[in-house]
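Step one of this worksheet: look at the structure below.
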């Protein structure tokens with residue numbers, strides 16, 4: 001199963017499989033990424049409320065940076081002059097950058113999409129910018145990221161079939177332009193993005209055309225954007241078998257622990273989501289016992305930690321009563337501790353998934369995790 005790679009190559013090694021669930025390694029010039037992997041989101045060269053050393057200590061092999069936000073502030077050229085994104089934010093392991101397409105579609109005040117690319121106004125100051133497939137790759141190369149994403153057009157669901165089809169076909173043409181613009185960068189990769197919304201025919205066409213391009217890796221985009229979870233899972237069950245077996249598969253912007261378990265079961269290798277840090281900033285903890293809302297008054301005199309057996313000090317050493325106090329008082333430490341706890345739980349979940357796949361008991365692991373969430377959340381509701 002293991003690929004033989006020349007020094008400096010980018011690649012993927014499949015180490016174990018349990019049903020459709022896969023355990024492997026993504027090989028980059030800056031190190032290995034154990035998969036299935038969860039990538040903490042470092043939108044603007046920072047994983048919010050976290051030190052990079054903490055993120056690394058939790059077991060993350062890779063983080064995500066956002067092309068749209070970084071091109072607006074501080075600017076890709078400035079980051080390049082300062083030594084690249086790794087040096088800038090003090091993270092020496094691999095970084096994946098998204099293309100900026102999703103943020104252009106969701107955040108920009110005004111935008112115009114043409115065959116050439118997209119012209120949009122910044123949500124910060126209204127300044128006008130142009131983003132072509134070639135410019136997206138140029139920005140990501142200036143940032144010096146290890147995995148770069150093609151520019152695509154993401155459509156929020158539900159949407160008309162014609163709108164979904166046009167966006168998918170445009171994304172395919174942009175993928176080829178991004179492939180040419182990326183060229184050959186030893187130890188690095190450009191991933192294509194499967195689009196097609198909730199339409200099985202369009203998803204299949206997108207996956208087959210991208211697979212024929214023989215790219216180093218593949219993302220599945222345009223999901224978890226308004227459709228039910230069942231639709232997302234149906235699309236994954238369709239798309240994953242159509243993608244090359246020896247290339248990593250990345251589900252963009254997903255998701256909850258439940259989303260992750262069910263997506264791994266369908267063959268996904270990589271995930272990213274703002275949920276653990278965003279939830280932490282709003283008083284919500286993810287634990288082995290499900291979600292715990294620290295804003296709830298029932299925690300005001302609860303001396304128990306979030307998880308007495310956790311390896312993370314935020315989960316183990318602070319009482320729920322103290323965390324409740326911090327959250328209700330609006331103290332920054334509350335956001336810091338809960339973000340720390342949440343990212344720790346996500347990384348522990350991924351480690352457990354990898355071990356379960358190797359042992360051939362992934363289905364049992366997923367069932368046990370879901371039952372513990374259910375039991376814990378019932379208890380927390382009283």
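The values are calculated or read from the model by the stated rules, or taken from the named source; none is laboratory data. Since the model is a prediction, treat every value here as computed from it, not as a measurement. Neighbour counts are summed over all protein chains in view; Cβ atoms, including those assigned to glycine, are modelled from backbone coordinates with ideal geometry.
Observations on the model:
- When residue 32 is tested against (1) surrounded by 18 or more Cβ atoms within 10 Å (Cβ to Cβ); (2) touching a strand residue (DSSP E or B) at 6+ places or on another chain (Cβ under 8 Å), only condition (1) is not met.
- Matching residues in region 306-321 - criterion: being surrounded by 15 or more Cβ atoms within 10 Å (Cβ to Cβ) and within 24 Å of the chain's Cα centre (by Cα): 310, 312, 314, 315
- Selection status of residue 49, in contact with a strand residue (DSSP E or B) (Cβ under 8 Å, 6 or more places away or on another chain), buried (at least 18 other Cβ atoms within 10 Å of the Cβ) and at pLDDT 95 or above: no
- Residues (within 14 Å of residue 137 (Cβ to Cβ) and part of a helix (DSSP H, G or I)) located in region 167-197: 174, 175, 176, 177, 178, 179, 180, 181, 182
- Odd one out for residue 128, checked against (1) touching a residue at least 24 places away in the same chain (Cβ under 8 Å); (2) farther than 26 Å from residue 275 by Cα: (1)
- Number of residues in region 212-242 that are out of contact with any strand residue (DSSP E or B) (no Cβ under 9 Å at 6 or more places or on another chain), within 20 Å of residue 257 (Cβ to Cβ) and not in a helix (DSSP H, G or I) equals 3.
- Any hit, region 250-262, residues being touching a helix residue (DSSP H, G or I) at 6+ places or on another chain (Cβ under 8 Å) and free of Cβ contacts under 8 Å to residues at least 24 places away in the same chain: yes
- Within region 80-105, being under 17 Å from the mean Cα position of the chain (by Cα), surrounded by fewer than 24 Cβ atoms within 10 Å (Cβ to Cβ) and more than 18 Å from residue 29 (Cα to Cα) holds for 102, 103.
- Scanning region 151-168 for residues that are crowded, with 20+ Cβ neighbours inside 10 Å and over 16 Å from residue 205 (Cβ atoms) yields 151, 154.
- Selection within region 70-95: residues that are in contact with a helix residue (DSSP H, G or I) (Cβ under 7 Å, 6 or more places away or on another chain) and without any contact (Cβ under 8 Å) to a residue 40 or more places away in the chain. The member of this set that is nearest to residue 33 (Cα to Cα) is 90.
- Residue match in region 163-171 (condition: modelled with pLDDT of 95 or more and within 25 Å of residue 12 (Cα to Cα)): yes
- Scanning region 255-301 for residues being in contact with a strand residue (DSSP E or B) (Cβ under 7 Å, 6 or more places away or on another chain) and surrounded by fewer than 18 Cβ atoms within 10 Å (Cβ to Cβ) gives a total of 3.
- Selection within region 59-75 - at negative phi and surrounded by fewer than 22 Cβ atoms within 10 Å (Cβ to Cβ): 61, 66, 69, 72, 73, 74
- Matching residues, region 277-335, being touching a residue at least 24 places away in the same chain (Cβ under 8 Å), farther than 27 Å from residue 368 by Cα and not in a helix (DSSP H, G or I): 295, 300
- Residue 104 vs. criteria assigned by TED's automatic domain parsing to the domain that holds residue 253, closer than 29 Å to residue 201 by Cα and part of a helix (DSSP H, G or I): yes
- Scanning region 60-78 for residues that are in a loop (DSSP other than H, G, I, E, B) and within 14 Å of residue 140 (Cβ to Cβ) yields a single hit, 75.
- Scanning region 197-227 for residues that are over 16 Å from residue 11 (Cα atoms) and within 19 Å of the chain's Cα centre (by Cα) gives 197, 220, 221, 222, 223, 224, 225, 226, 227.
- Restricting 77, 57, 138 to those that are more than 23 Å from the chain's Cα centre (by Cα) and assigned by TED's automatic domain parsing to the domain that holds residue 228 reduces the list to 77.
- Screening residue 209 with (1) touching a helix residue (DSSP H, G or I) at 6+ places or on another chain (Cβ under 8 Å); (2) at pLDDT 95 or above; (3) assigned to a loop (DSSP other than H, G, I, E, B); (4) under 25 Å from residue 233 (Cα atoms) gives one miss only, at (3).
- Any hit, region 9-19, residues being in a loop (DSSP other than H, G, I, E, B) and under 18 Å from the mean Cα position of the chain (by Cα): no
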